[in-house]
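The values are calculated or read from the model by the stated rules, or taken from the named source; none is laboratory data. Treat the numbers as computed from the prediction; the structure is a model and nothing was measured. Methodologically, a virtual Cβ is constructed for each residue, glycine included, from the backbone with ideal geometry; neighbour enumeration extends over all protein chains shown. SASA here: full protein model, heavy atoms, side chains in, ligands and nucleic acids out. Shrake-Rupley method; radii C 1.70, N 1.55, O 1.52, S 1.80 Å.
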Amino acid sequence: MQTVNENVIPLVAFFIFMLVFTLFAKWYIKRAEWSMLIDAVPGVKSYPIIGTTHMFFGVRREDFFEVLRKEVQQNPYISRMWLGSLPEVTIRKAEYVEKVIGGSKNLEKSPGYEFLKPWLGEGLLLSKGAKWHKHRKIITPTFHYGILESFCDIFSEKSKIFIDKLDVHCGTGEPFDIYKYITRVTLDIVCVAAMGTKVDAQENIDNEYVGSIYSISELIMRRLLRLWLHPNFIYKWSSDYRRFDDCLKKLHGYTRDVIEKRKAARTGNIHNFKKNNRLVFLDLLLEEHEASDGNITIQDICDEVDTFMFEGHDTTTAALSWTLFLIGSHPHVQEKIFEEMDTIFEGSDRPATLSDLNEMKYLERCIKEGLRLYPAVPKVGRMLNEDVQLDEYKIPKGCMIGIHIFFLHRDERFFPDPEKFDPDRFLPENTIGRHPFAYIPFSAGNRNCIGQKFAMNEEKSVLSSIFRNYRVTSVDSRENVKIVSELILRPLNGISVTIEKRRKSH
């Protein structure tokens with residue numbers, strides 16, 4: 001019996017070895033074929049373990065974007081990178097973008113977004129599948145005309161404080177960084193619009209919640225740029241994680257506290273609550289929670305409010321700042337804005353209504369052109385759920401796709417002289433025949449930005465407040481403003497301007 005066992009054990013071991021070897025060989029061959037398809041796409045040389053990340057070795061944060069620009073000059077429409085063993089194919093051609101996000105297949109975000117998940121949970125930005133579809137359907141109606149109109153009071157109220165804060169710089173001739181002022185006004189607006197709560201960021205810059213918003217955004221970007229901090233088991237031992245965790249506790253604690261208090265205030269006579277309170281995004285989510293018998297949970301609401309706070313603050317700050325910078329660099333454009341403001345308001349200081357914002361056609365074209373040259377979100381990422389053929393390149397399922405909006409918006413086929421700031425590109429007659437995926441500052445397809453009308457109205461309200469009161473001159477040229485392209489497209493050292501009072505025509 002012992003002899004039989006001695007003969008069987010090596011035989012079983014041999015079969016197990018052969019099974020494992022066969023499975024590994026099949027995986028290896030499949031992986032090699034998969035990798036060959038990706039390596040057929042042009043890109044810099046890849047090495048084991050580090051992939052193509054060597055192109056960023058020793059590169060300063062402020063020069064990171066220039067490395068990307070050189071890559072685009074060599075391969076204008078498509079290129080590939082290897083982030084270690086993870087490949088990413090980056091596309092910058094409207095026809096390619098449409099193939100990737102024009103349908104309903106490739107809705108899942110790429111792995112880099114996971115760094116936001118501890119903060120934003122499964123809000124609209126990060127959720128997928130049935131949950132994303134359900135929440136998108138629930139939230140879409142909250143941005144109807146009526147709620148957009150009610151937000152105008154918030155825009156005007158906070159913009160007035162903003163204008164008053166700028167007055168200290170008026171007529172001095174001394175440059176100052178207007179970016180930090182814009183950051184505070186947008187944070188004030190989004191806190192009231194999302195949660196119905198005041199953080200007074202423009203008055204109290206030491207607010208703990210405000211500080212945590214700034215810090216966590218910086219920490220996420222630091223992690224994104226440091227490959228060794230990507231694995232969770234390493235990140236949790238870092239000093240950055242301790243700061244990150246502290247910010248999370250403050251942010252989530254604040255959001256949860258606001259939600260519970262708002263929920264309690266609504267209990268009882270809901271009619272009186274609606275009569276005495278301005279309805280905000282949080283109320284609309286709570287209405288769904290109360291009516292749906294758990295279809296949307298308190299945790300879901302926390303995730304969506306935190307997502308609104310992130311997407312409605314940083315991106316709007318960047319969009320406003322870049323547009324103001326461009327307008328301040330083009331006096332003839334600013335004169336046309338003055339004319340539009342004077343026609344609408346006739347020299348009065350009354351708050352802007354939704355009807356007024358709709359009349360700001362030229363200012364809207366300036367914002368759109370600003371978003372073309374400096375899209376607030378310069379790049380979005382997706383995971384391919386199917387093979388996609390992009391001209392001669394077959395991009396296999398499971399590959400990350402990066403859509404580089406910054407360079408997509410500079411395609412000379414659709415935007416001649418692409419570096420020129422020309423708001424008239426967005427005159428209705430000049431947009432005829434333009435590819436629908438050539439200009440996507442709010443992304444496109446099924447996962448486009450649900451709050452883009454809110455953002456556009458907010459930007460028009462804040463900018464119109466500035467140009468009803470001041471003439472703005474940008475100090476730096478575009479060539480001298482360093483771009484930081486991370487989650488958000490930011491000016492490295494802010495936006496330096498001078499302002500002076502303008503004389504209004506009556």
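Provide the gained length on full extension for the span Asn430 to Asn448, in nm with one decimal, where the gain is 0.36 nm per separating residue minus the Cα-Cα distance.
Values: separation 18, 0.36 × 18 = 6.48 nm, distance 2.32 nm.
This chain segment gains 4.2 nm when fully extended.
So the label point goes 7 Å from the Cα of Ser348 along Cα→C-beta, right? Which residues of the range 146-166 then have their backbone N under 20 Å from it?
149-161
May I ask you to evaluate 6.51 cos²θ - 1.76 cosθ + 1.60, the Karplus curve with θ = phi - 60°, for each residue of the range 396-409 and list the ³J(HN,Hα) values in order in whole Hz, giving x for glycine and proline?
With the stated coefficients, the range 396-409 comes to x, 3, x, 8, 6, 10, x, 9, 8, 5, 3, 7, 4, 6 Hz.
What is the range 72-115 by shape, rounded, prolate or oblate, if you read a ≥ b ≥ c off the alpha carbon gyration tensor as root eigenvalues and call it rounded for a/c under 1.5, prolate for a/b larger than b/c, and oblate otherwise?
Details: a/c = 2.53, a/b = 1.02, b/c = 2.48.
Oblate is the answer for the range 72-115, as a/c is 1.5 or above yet b/c matches or exceeds a/b.
At a 1.4 Å probe, what is the % contribution of carbon and sulfur to the accessible area of the range 135-206? Mind showing how you got there, number by number?
Numbers: 1530 of 3050 Å².
Within the range 135-206, the accessible surface is 50 percent carbon and sulfur.
Which helices, taking whole DSSP H runs in the chain, have alpha carbons extending 27 angstrom or more along the helix axis plus mean Kyte-Doolittle at least 0.0?
On the way: long enough: 2-39 (54 Å, 0.87); 145-166 (31 Å, 0.30); 239-266 (41 Å, -1.36).
Qualifying helices, which must be both long enough and hydrophobic enough, are 2-39, 145-166.
Could you pull out every one of the lysines with an alpha carbon less than 29 Å from that of Lys45, ignoring same-chain neighbours closer than 8 positions?
Lys26, Lys30, Lys70, Lys93, Lys99, Lys109, Lys379, Lys394, Lys397, Lys482
Quick one: which residues, 5+ away or cross-chain, put their amide H under 5 Å from the amide H of Val380? H built at 1.01 Å from N.
Ile403, Ile405
Could you give the length gained by full extension between Ile50 and Leu492, i.e. 0.36 nm per residue of separation minus their alpha carbon distance, to one decimal place? All intermediate terms of the calculation are to be shown ahead of the outcome.
Values: separation 442, 0.36 × 442 = 159.12 nm, distance 2.74 nm.
This chain segment gains 156.4 nm when fully extended.
Taking the radius of gyration and the Kirkwood hydrodynamic radius from Cα positions alone, what is the Rg/Rh ratio for the chain, to two decimal places?
So for the chain, dividing Rg by the Kirkwood Rh gives 1.03.
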